[in-house]
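Q: Next up is a structure, given as structure tokens.
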Amino acid sequence: MGPVLRISGRGALIITLKGLTAAHADILSKSFARSPEIGAGTNAAPISFSPREQAIDGGPTIILTGAPGQFRRLALDPRIPPQLARMLDSLLDNYLRSDYKIDCGGKILDLGSRTHIMGILNVTPDSFSDGGRYADPEKALDHAREMVAAGADIIDIGGESTRPGAAPLAEEEELRRIIPLIERLRAELPVPISVDTYKSSVAKKALVAGAGIVNDISGLRFSPDMATVVADAGAAVVIMHIKGTPRNMQQDPVYNDLVSEVMAYLAEGIELAVKAGVDREKILIDPGIGFGKTLEHNLLLLDRLDEFKGLGRPVLLGTSRKKFIGTVLDVPVPEQRVDGTAATVALGIERGARVVRVHDIARMAQVARMTDAVLRASTK
Ligand code: HH2
């Protein structure tokens, strides 16, 4: 038999270092451009090094490619400045971490065990996909029960549509729509309830009524005391990225560096929450698909979703039936975007999403279980 050759790319990680001081860049380039064997295992390829000048931020950018073990050894190299070594180690820890458990008021979501499904319950007359269908409380209750029976792990209740162009809703009306429902669902359902609101006054009452998670599309920015409200209740929180407000977010959103800017917003949101007293272990992050993003932005965020794992918190992804799917597939009716949604859910999970926020529970629960099974195959 002749030689057997195989190739695979998944073991290699790419680490980009930006904003280094010229001195640090110089150390790295001297150490690794000339000594590529550093950090290499006995029969592993060396870490590859490629310095690049980036015109946009002026400073040097260095790209390293290697296996996790090689980067671990790199961090131990005495020539690496200690602060950089610590950052490298923690980036690797974050990226490779999968054992997330989120305590939502006593109900534990074990996100490391499998992908979790967040079922959307919009009790609004005007949501982009299901507006008006569950505005009646009895219908909303029935739908929540159905979603749990179909595999929802969380029920996310929203009283105000945040679709592009939507105007803000008065607090009293939002409360009227959601509070009695949360009380009843809390008493009846085995799964945690999440409240989709950016108003701290609404979140506060929803948490008293029995919600265990605050899903804030503004990433704790629209209500200055939202982080304190979450902290005081000991609740879990989803910090989502948005550029602008629902009313103006789709008016020509522009980024210099999309992924970096969305990540920086989420990283700041995490620190804001922790500073206010939120338990870091109760925070989820979400790149906010469709919130101040063009079609190309949404596709790029999905493709590069794995980079968000570097922030060290589980990623939630909300693509369900959204307009970018309709644009790619030329399907104007949101209810007919289920297959497109399935593609984004499978790919999102492969790229690291731990929770998917969806309308079509039974179908997406199957997509998630199947994707999980494939991804687990090589770790058994
Ligand atoms: N998307 C919507 C609302 N809330 N929350 C998170 N964390 N992530 C999302 O992507 C997200 C969200 C918009 O979708 P939907 O609730 O279906 O529509 P509407 O805002 O029109 O009620």
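Q: Only residues that are buried (at least 22 other Cβ atoms within 10 Å of the Cβ) and farther than 21 Å from Leu91 by Cβ: list them for the range 267-281, please.
A: Residue satisfying the conditions is Val278 alone.
Q: Can you tell me which of (1) in contact with a Lys or Arg (Cβ under 9 Å, 6 or more places away or on another chain); (2) surrounded by fewer than 22 Cβ atoms within 10 Å (Cβ to Cβ) is the one Thr327 doesn't meet?
A: So Thr327 meets the others, but not (1).
Q: Separate question: Mind counting the residues in the range 242-294 that are free of Cβ contacts under 8 Å to residues at least 24 places away in the same chain, among the aliphatic types (A, V, I, L, M) and assigned to a loop (DSSP other than H, G, I, E, B)?
A: Qualifying residue count, the range 242-294: 1.
Q: Filter the range 348-367 for residues that are within 16 Å of the ligand (Cβ to nearest atom), farther than 16 Å from Arg321 by Cβ and in a helix (DSSP H, G or I) and give the result. Steps first, please.
A: Here is the first cut: in the range 348-367, the residues within 16 Å of the ligand (Cβ to nearest atom) are 348-349, 351-361, 363-364.
If we keep only those that are farther than 16 Å from Arg321 by Cβ too, we end up with 349, 351-355.
Listed by number, the list holds a single entry, Ile349.
Q: Going by the structure shown, is Val238 out of contact with any Phe, Trp or Tyr (no Cβ under 9 Å at 6 or more places or on another chain), buried (at least 24 other Cβ atoms within 10 Å of the Cβ) and under 18 Å from Leu316 (Cα atoms)?
A: Considered against the rule, which asks whether it is out of contact with any Phe, Trp or Tyr (no Cβ under 9 Å at 6 or more places or on another chain), buried (at least 24 other Cβ atoms within 10 Å of the Cβ) and under 18 Å from Leu316 (Cα atoms), Val238 comes out as yes.
Q: Answer yes if at least one residue in the range 63-85 is under 27 Å from Val237 (Cα atoms) and of a type outside the set (Lys, Arg), and no otherwise.
A: no
Q: Got a number for residues in the range 152-172 being within 12 Å of the ligand (Cβ to nearest atom), within 18 Å of Phe222 (Cα to Cα) and not small (Gly, Ala, Ser)?
A: Residues flagged as within 12 Å of the ligand (Cβ to nearest atom), within 18 Å of Phe222 (Cα to Cα) and not small (Gly, Ala, Ser) within the range 152-172 amount to 5.
Q: Among the residues of the range 82-99 satisfying the criterion of being of a type outside the set (Lys, Arg) and in a loop (DSSP other than H, G, I, E, B), which is farthest from the ligand (Cβ to nearest atom)?
A: Of everything passing the filter in the range 82-99, Asp99 is farthest from the ligand (Cβ to nearest atom).
Q: A follow-up question, please. Please indicate, with yes or no, whether at least one residue in the range 66-73 is among the charged types (D, E, K, R), at pLDDT below 90, farther than 29 Å from Ala342 by Cα and not in a helix (DSSP H, G or I).
A: No: zero hits.
Q: What is the residue count in the range 116-151 for residues that are assigned to a loop (DSSP other than H, G, I, E, B) and more than 15 Å from the ligand (Cβ to nearest atom)? First the steps, then the outcome.
A: Restricting attention to the range 116-151, the residues satisfying the condition of being assigned to a loop (DSSP other than H, G, I, E, B) are 123-136, 150-151.
This time we only want the ones that are more than 15 Å from the ligand (Cβ to nearest atom), so: 136, 150-151.
Counting residues in the range 116-151 that are assigned to a loop (DSSP other than H, G, I, E, B) and more than 15 Å from the ligand (Cβ to nearest atom) gives 3.
Q: Being under 30 Å from Thr371 (Cα atoms), within 16 Å of the ligand (Cβ to nearest atom), touching a Lys or Arg at 6+ places or on another chain (Cβ under 8 Å) and not charged (D, E, K, R): is that true of Ile102 here?
A: Numbers: under 30 Å from Thr371 (Cα atoms): yes; within 16 Å of the ligand (Cβ to nearest atom): yes; touching a Lys or Arg at 6+ places or on another chain (Cβ under 8 Å): yes; not charged (D, E, K, R): yes.
In short, yes.
Q: Taking the residues in the range 285-316 that are over 13 Å from the mean Cα position of the chain (by Cα) and more than 13 Å from the ligand (Cβ to nearest atom) as candidates, determine which candidate is farthest from Arg163 (Cα to Cα).
A: By that ranking, first place goes to Leu300.
Q: Here is a further query. Quick check on Thr319: is it free of Cβ contacts under 8 Å to residues at least 40 places away in the same chain and either touching a His at 6+ places or on another chain (Cβ under 6 Å) or within 11 Å of the ligand (Cβ to nearest atom) (or both)?
A: The answer is yes for Thr319.
Q: Right, another one. Kindly evaluate Thr228 against the criterion of being within 12 Å of the ligand (Cβ to nearest atom), farther than 24 Å from Leu305 by Cβ and touching a Gly at 6+ places or on another chain (Cβ under 8 Å).
A: no
Q: May I pose another question? Any residue at all in the range 343-354 that is among the basic types (Lys, Arg) and either closer than 23 Å to Gly312 by Cβ or within 19 Å of the chain's Cα centre (by Cα) (or both)?
A: yes
Q: If you don't mind, there's one more thing I want to ask. Listed residues Met249, Met240; which is within 15 Å of the ligand (Cβ to nearest atom) and at pLDDT 95 or above? It would help to see each step written out before you state the result.
A: Values: Met249 fails: at pLDDT 95 or above.
On inspection, the qualifying residue turns out to be Met240.
Residue-by-condition table, conditions (1) in contact with an Asp or Glu (Cβ under 8 Å, 6 or more places away or on another chain); (2) more than 20 Å from Val238 (Cα to Cα); (3) among the charged types (D, E, K, R):
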{"position": "Asp142", "(1), (2), (3)": "no, yes, yes"}
{"position": "Asp156", "(1), (2), (3)": "yes, no, yes"}
{"position": "Glu183", "(1), (2), (3)": "no, yes, yes"}
{"position": "Lys199", "(1), (2), (3)": "yes, no, yes"}
{"position": "Gly212", "(1), (2), (3)": "no, no, no"}
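The values are calculated or read from the model by the stated rules, or taken from the named source; none is laboratory data. The structure presented is a predicted model; accordingly, all values stated were derived computationally and were not measured. Methodologically, a virtual Cβ is constructed for each residue, glycine included, from the backbone with ideal geometry; neighbour enumeration extends over all protein chains shown.
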